[in-house]
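I have placed the structure first, in the form of structure tokens, so that the comments after it can refer back to it.
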There are 4 protein chains.
Amino acid sequence: MAQNHAVTVLLYTMSTTMNKPKFQGIIPPMITPLLEEDQIDILGLERLLDHMISGGIHGIFILGTTGESTSLSYRLRHELVRLTCKMVNGRLPVLVGITDTAATESIRLANTAKEEGAAAVVAAPPYYFNLGQPELIEYYEYLIRKLPLPLFLYNMPSHTKIIIEPNTVKTLSNYKEIIGLKDSSANNAYFNNLVHKMKDQPDFSLFVGPEEIMAETVLLGADGGVNGGANMFPKLYTKLYEAAKTGDITRVKELHSVVMQISSQLYSLGHYGSSYLKGIKGALSLMGICSDYMASPLHRFRAEDREKLACNLQRIQERVDQLQLR
Amino acid sequence: MAQNHAVTVLLYTMSTTMNKPKFQGIIPPMITPLLEEDQIDILGLERLLDHMISGGIHGIFILGTTGESTSLSYRLRHELVRLTCKMVNGRLPVLVGITDTAATESIRLANTAKEEGAAAVVAAPPYYFNLGQPELIEYYEYLIRKLPLPLFLYNMPSHTKIIIEPNTVKTLSNYKEIIGLKDSSANNAYFNNLVHKMKDQPDFSLFVGPEEIMAETVLLGADGGVNGGANMFPKLYTKLYEAAKTGDITRVKELHSVVMQISSQLYSLGHYGSSYLKGIKGALSLMGICSDYMASPLHRFRAEDREKLACNLQRIQERVDQLQLR
Amino acid sequence: MAQNHAVTVLLYTMSTTMNKPKFQGIIPPMITPLLEEDQIDILGLERLLDHMISGGIHGIFILGTTGESTSLSYRLRHELVRLTCKMVNGRLPVLVGITDTAATESIRLANTAKEEGAAAVVAAPPYYFNLGQPELIEYYEYLIRKLPLPLFLYNMPSHTKIIIEPNTVKTLSNYKEIIGLKDSSANNAYFNNLVHKMKDQPDFSLFVGPEEIMAETVLLGADGGVNGGANMFPKLYTKLYEAAKTGDITRVKELHSVVMQISSQLYSLGHYGSSYLKGIKGALSLMGICSDYMASPLHRFRAEDREKLACNLQRIQERVDQLQLR
Amino acid sequence: MAQNHAVTVLLYTMSTTMNKPKFQGIIPPMITPLLEEDQIDILGLERLLDHMISGGIHGIFILGTTGESTSLSYRLRHELVRLTCKMVNGRLPVLVGITDTAATESIRLANTAKEEGAAAVVAAPPYYFNLGQPELIEYYEYLIRKLPLPLFLYNMPSHTKIIIEPNTVKTLSNYKEIIGLKDSSANNAYFNNLVHKMKDQPDFSLFVGPEEIMAETVLLGADGGVNGGANMFPKLYTKLYEAAKTGDITRVKELHSVVMQISSQLYSLGHYGSSYLKGIKGALSLMGICSDYMASPLHRFRAEDREKLACNLQRIQERVDQLQLR
């Protein structure tokens, strides 16, 4: 644990040549362990955090899409921030998703995050009204005037109906409060364009969401991955990140192929829009880490899909074990 | 007022041959008068309600898209329900929008609505995750098991990314708790299909949102309109509804053309996705009824558009006055 | 036949107070009878034309979406123009769809249409590249400089990925060569907006495609319908048009409900994107009028759906017979 | 030249352990040099082909999206196939785009391609009707029964409105006539999923379109790029391909950053949907290689954008020269 702490501190320390706190590495978007619609699986949460932290992750992102944040009551969101920060207890930086259609609620949640010691907040565009890019810029400008913590932008067009266009990112990056962006579009032409546009601002952190593209983006300059699979196999993702960061292409290929097996065998069962999420929660339940209850409007796998998941998970677990990651 | 009340009671009385409370007429989607981001314009709210009720509306729908519900804090949403119900004081049925991505919050709001005497609640599909139709059915089934009031479905694909397909409506209409649907798609082939599919269930209420299509849908069998323009000119819309209901096509054409002028001159300034909303709030402010503050991420018109709006509004006001509606 | 001819001539005569040839009534989008992938069902074509003309239609539109134009070889498209014009032999105006991604091919087809005596051509936006509205205006400006016949715009966003926005229509309507628009969006807020915008240009003809919305749009000022169902039951649609044009709301409701039954029972079998087209071609085949072969990439119904279609068609045929239309 | 020829032959030779002709490397999607709407710039075509071949490209793809194929008359498409094949004269394999909404025209074009000695054809889904995946499979099955040359699938959802889903690709890859896929979605999660699914079929060739993502996909197993920028700077792209193929990550980063500069400075002027295409054609014209005429509905840059392009092109040319690629 001491070792992880050192790494974290190193990464999170504000560089003397930089103006913004810099994040790097694997920052898993934590699933939210639930016992019921409005009740956190507290023991599961503790096990999950310890499982991930012992896997060498570099931070933790709660209340993102993978965390089903938009499905959770506000009471529960605030409680989750408090519990997570207490359990993490400074071992890692905690990033808190504050994405909401109501700015007032986003700000309230950010205030709780600040009180509990979180490192930053993350906000996708408001996702009900259809905004233009100028309105999107005004929205983020409004937000940062009220936020007590630095902000990550979060590009998630499949869910929010709007792309944060590269020129919008460039404009917003001029604010010291806006320190980075997580891109979940899976569009690498878009992402590489961002990396190119931001190359004169090395203190602006650029992460990708989809784990299928993490290795290649880090190889070409991204700062890391916010990858759901790291809930299950944290060491696989941190080792893949390290291999990519150091340009060890042989190792990258070896570990990337396991990530692709996870994507193929755990995230596409049942052909739901949310198969990815059902897969991760189901696997964590099968691994004995936490409950797989999903908040409405999503539902955990039914028996048939759960059996397939168990079978595929075992095969993947064996392959991960063979890698002897440490 | 007594007259309005009588009409309302008549319409709202459950028919002896029907199983569901039936709604008909003009039920304006009320804008939410705001003084600031998280503060209701209470005097404006009172004036607005009196203005609309004196125009003969048949119900009031708060916390819809026009009410900017998704932009408001939960505290304010609950406050608005309480204030509106108290001010309406039984003169009209109040419908409360509970659309949310978090079912728990929708249910909490519905409970407040029940306590305050609202007549029904209205819920569009959850709008963050991308659901399939079976998941949508499960969502509404989950909701009605917890709701204390009857439910209107709300089809709003441009904002929620999902159509409530006609077969889904048919399936859900079998639940006694689901009493109607408001369609804001503006797709009349879709809506006419619904009217056709539901013709053996006359107690299922079918309303359209866009006022540009209200007259023709009522002519062909719809139950009424949830039209934003009725915030400004309630009598115009109730008279148009009555003309359509009685098949007075000459009168329909006359009044419909004024509605189209409103749509054309008040709702398309500035070319925003939200020009419609900015237009209504701006006009109500110019009419001295309430503030035009809009909650983030939207903004009221700036000076230039506001001037054009004032000019267009005056022309429309004159034309409405000439109609001598009473 | 003489009677139909007279009506047609009346409608098609250029008014002395108008600058553009005016079209009104039911102009069916003719399906293309095919024996094989690249072979016209010539006898079927003749039967189909006679069937529709004897039903009182006011014009005929070939090579539209319903005509599968984009699936047909150019050789066949030119042949169809020649055959149709010869068979129609001046009894009705023929409109020829020239929609294509290649302007050169559109113009060649228009030249054939002119040679054979067609009355006008119809062009949706080019549907491969994603254009903006200014590029769309330039496209139509380019086209009309080369076209030998007047042009109808064709709004079909579900297939072309672009809406011809109301302001674009207004701009283009200033060209004398552009005489009208057919809207297949089914968005009546859009269409009513067009009717409102064009009310000072009564010589600009406005038609809707989806038959589910024809009656109401004609009631409120549209010029007619380009309705696929008129391939099967031309008299039903011409009578509905007449009832709507004269404001006979009782008759409108009666006939409209049959159209909705057709839509519901013939156009939604098998849940294909092209169920509508499969339904019309299948019904025409069952009625003994022409072959139901569909060009690649579409396919006629397989046995199971065809049986359901036959059963539903019989029920509809009986209902249409009972109406004793004449 | 001899050297290039040898490489090509090597790559194009069917491996003894493979069942399908394998393609690898940079296969530029050639722009179509035009003097006018329906006239090829023949001298420009010759210069362009020689320019690219001398840059070490491994094949040439004509009549793709970059080649404006859908905007060209059929006469011209056939002529371009004949001219290109004659000019290439066996120095490289020629791939011919046959994407069309009319299968009959696709097949005719494929027959010309076969006669002239082309190596394969490329077909995106038909892009007018909205198909489901089963209909898409049937379409390709129909096509290969009639095609005289092996077929590449072409995934281009932004233009065709349909994704060729990974399971559809897997199914179609079982046909010996279907030898590979070009993906222009820029969605690397999708593409990596394909690479993973196809890893037991090494004779199935997988290419990406967008040059911004070519390096990383080749690093992780793709066979090459169909990159528009190789029209201008063929050696840059072939060298980047080689660096990626051999895992030389330092060199990859160096060359990739120039590609990103090209993307950023040449492909985004004027903010058109077709800025990329206008940029390449404009640059080739400025380089003295061929005309920048674009077929309707697209247009070359106007003076202002052309000046910016010239300025940016010069800066890029200098940077490419400094690389001393050979």
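The values are calculated or read from the model by the stated rules, or taken from the named source; none is laboratory data. What you see is a predicted model, and the numbers here were worked out from it, not measured in a lab. Cβ atoms come from the backbone with ideal geometry, glycine included; neighbour counts cover every protein chain shown. We work out accessible area using only protein heavy atoms, side chains counted, and drop any ligands, DNA or RNA first. Shrake-Rupley method; radii C 1.70, N 1.55, O 1.52, S 1.80 Å.
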Legend entry - Number of the exception - C:Leu45 against (1) open to solvent by less than 10 Å² (accessible area, probe 1.4 Å); (2) in contact with a Lys or Arg (Cβ under 6 Å, 6 or more places away or on another chain): (2)
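If only one of A:Ile98, A:Ile144, A:Ile57 is hydrophobic (A, V, I, L, M, F, W, C) and surrounded by fewer than 20 Cβ atoms within 10 Å (Cβ to Cβ), which one is it?
Details: A:Ile98 fails: surrounded by fewer than 20 Cβ atoms within 10 Å (Cβ to Cβ); A:Ile57 fails: surrounded by fewer than 20 Cβ atoms within 10 Å (Cβ to Cβ).
On inspection, the qualifying residue turns out to be A:Ile144.
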Legend entry - Qualifying positions in the range D:217-247 - assigned to a helix (DSSP H, G or I) and among the aliphatic types (A, V, I, L, M): D:Val218, D:Leu219, D:Ala230, D:Leu236, D:Leu240, D:Ala243, D:Ala244
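Look through B:Leu206, B:Leu172, B:Leu181, B:Leu151 and report the one residue that is under 18 Å from the mean Cα position of the chain (by Cα) and over 30 Å from B:Ser268 (Cβ atoms).
B:Leu151
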Inset, instruction - Restrict the check to the range C:115-125 and report whether at least one residue is open to solvent by 10 Å² or more (accessible area, probe 1.4 Å), facing another protein chain (nearest Cβ under 9 Å), under 22 Å from the mean Cα position of the chain (by Cα) and over 15 Å from C:Thr168 (Cβ atoms). - result: no
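How many residues, within the range B:186-203, are over 21 Å from B:Gly59 (Cβ atoms) and not in a helix (DSSP H, G or I)? Full working, then the answer.
First, the residues of the range B:186-203 that are over 21 Å from B:Gly59 (Cβ atoms): B:186-190, B:192-193, B:196-197, B:199-200.
From what's left, not in a helix (DSSP H, G or I): B:186-187, B:199-200.
Number satisfying all stated conditions: 4.
Given the criterion assigned to a helix (DSSP H, G or I), within 14 Å of chain A (Cβ to nearest Cβ), aliphatic (A, V, I, L, M) and touching a strand residue (DSSP E or B) at 6+ places or on another chain (Cβ under 6 Å), identify the matching residue among D:Met260, D:Met214. I'd like the intermediate steps shown before the answer.
Working: D:Met260 fails: touching a strand residue (DSSP E or B) at 6+ places or on another chain (Cβ under 6 Å).
Step by step, each of D:Met260, D:Met214 is checked, and only D:Met214 is assigned to a helix (DSSP H, G or I), within 14 Å of chain A (Cβ to nearest Cβ), aliphatic (A, V, I, L, M) and touching a strand residue (DSSP E or B) at 6+ places or on another chain (Cβ under 6 Å).
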Inset, instruction - Return a yes/no flag: does the range B:138-157 have any residue that is among the polar types (S, T, N, Q) and part of a helix (DSSP H, G or I). - result: no
Inset, instruction - Would you be able to tell me the number of residues in the range D:263-313 that are within 13 Å of another protein chain (Cβ to nearest Cβ), surrounded by fewer than 18 Cβ atoms within 10 Å (Cβ to Cβ), outside any loop (DSSP other than H, G, I, E, B) and not polar (S, T, N, Q)? - result: 2
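Considering only the range D:137-151, I want to know if a residue exists there that is closer than 23 Å to D:Phe204 by Cα and of a type in the set (Lys, Arg). Reasoning before the result, please.
Kept after step one, since they are closer than 23 Å to D:Phe204 by Cα, are these residues of the range D:137-151: D:137-151.
Checking which are of a type in the set (Lys, Arg) leaves us with D:145-146.
Checked against the condition, which is being closer than 23 Å to D:Phe204 by Cα and of a type in the set (Lys, Arg), the range D:137-151 yields at least one hit.
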Inset, instruction - Give just the number: which of (1) outside any strand (DSSP E or B); (2) over 23 Å from A:Lys197 (Cα atoms) does D:Leu206 not satisfy? - result: (1)
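With among the charged types (D, E, K, R), open to solvent by 30 Å² or more (accessible area, probe 1.4 Å) and at negative phi as the only criterion, which of B:Lys176, B:Lys161, B:Lys182 stands out?
Every option except B:Lys176 fails the conditions.
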Inset, instruction - Could you pull out the residue among D:Asn193, D:Asn231, D:Asn187 that is of a type in the set (S, T, N, Q) and more than 11 Å from chain A (Cβ to nearest Cβ)? - result: D:Asn231
Legend entry - Given (1) buried (at least 24 other Cβ atoms within 10 Å of the Cβ); (2) among the polar types (S, T, N, Q); (3) farther than 23 Å from C:Glu37 by Cα, number of the condition D:Thr70 does not satisfy: (3)
Inset, instruction - Scan the range D:86-112 and report the pairs whose first residue is without any contact (Cβ under 8 Å) to a residue 24 or more places away in the chain and within 14 Å of another protein chain (Cβ to nearest Cβ) and whose second residue is of a type outside the set (Val, Ile, Thr) and open to solvent by 10 Å² or more (accessible area, probe 1.4 Å), with Cβ atoms within less than 7 Å and a gap of 6+ or a chain change. - result: D:Thr104/C:Glu37; D:Thr104/C:Asp38
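Residue check: is C:Gln322 closer than 25 Å to B:Asp200 by Cα and surrounded by fewer than 15 Cβ atoms within 10 Å (Cβ to Cβ)?
Numbers: closer than 25 Å to B:Asp200 by Cα: yes; surrounded by fewer than 15 Cβ atoms within 10 Å (Cβ to Cβ): yes.
Taking the combined requirement at face value, the residue satisfies it.
Look at the range C:78-87 and say how many of its residues are open to solvent by less than 10 Å² (accessible area, probe 1.4 Å) and in contact with a helix residue (DSSP H, G or I) (Cβ under 6 Å, 6 or more places away or on another chain).
Of all residues in the range C:78-87, those open to solvent by less than 10 Å² (accessible area, probe 1.4 Å) come to C:80-81, C:84.
In the following step, the residues that additionally are in contact with a helix residue (DSSP H, G or I) (Cβ under 6 Å, 6 or more places away or on another chain) were identified as C:81.
Final tally of qualifying residues: 1.
Take D:Glu242 and tell me if it is open to solvent by 10 Å² or more (accessible area, probe 1.4 Å), among the acidic types (Asp, Glu) and facing another protein chain (nearest Cβ under 9 Å). Outline the logic, then answer.
Numbers: open to solvent by 10 Å² or more (accessible area, probe 1.4 Å): yes; among the acidic types (Asp, Glu): yes; facing another protein chain (nearest Cβ under 9 Å): no.
Considered against the rule, which asks whether it is open to solvent by 10 Å² or more (accessible area, probe 1.4 Å), among the acidic types (Asp, Glu) and facing another protein chain (nearest Cβ under 9 Å), D:Glu242 comes out as no.
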Inset, instruction - Return yes or no: is D:Asn174 in a loop (DSSP other than H, G, I, E, B), more than 28 Å from C:Thr32 (Cβ to Cβ) and either free of Cβ contacts under 8 Å to residues at least 12 places away in the same chain or within 12 Å of chain C (Cβ to nearest Cβ) (or both)? - result: yes
Legend entry - Filter result for A:Tyr237 (open to solvent by less than 10 Å² (accessible area, probe 1.4 Å), touching a strand residue (DSSP E or B) at 6+ places or on another chain (Cβ under 6 Å) and touching a residue at least 60 places away in the same chain (Cβ under 8 Å)): yes
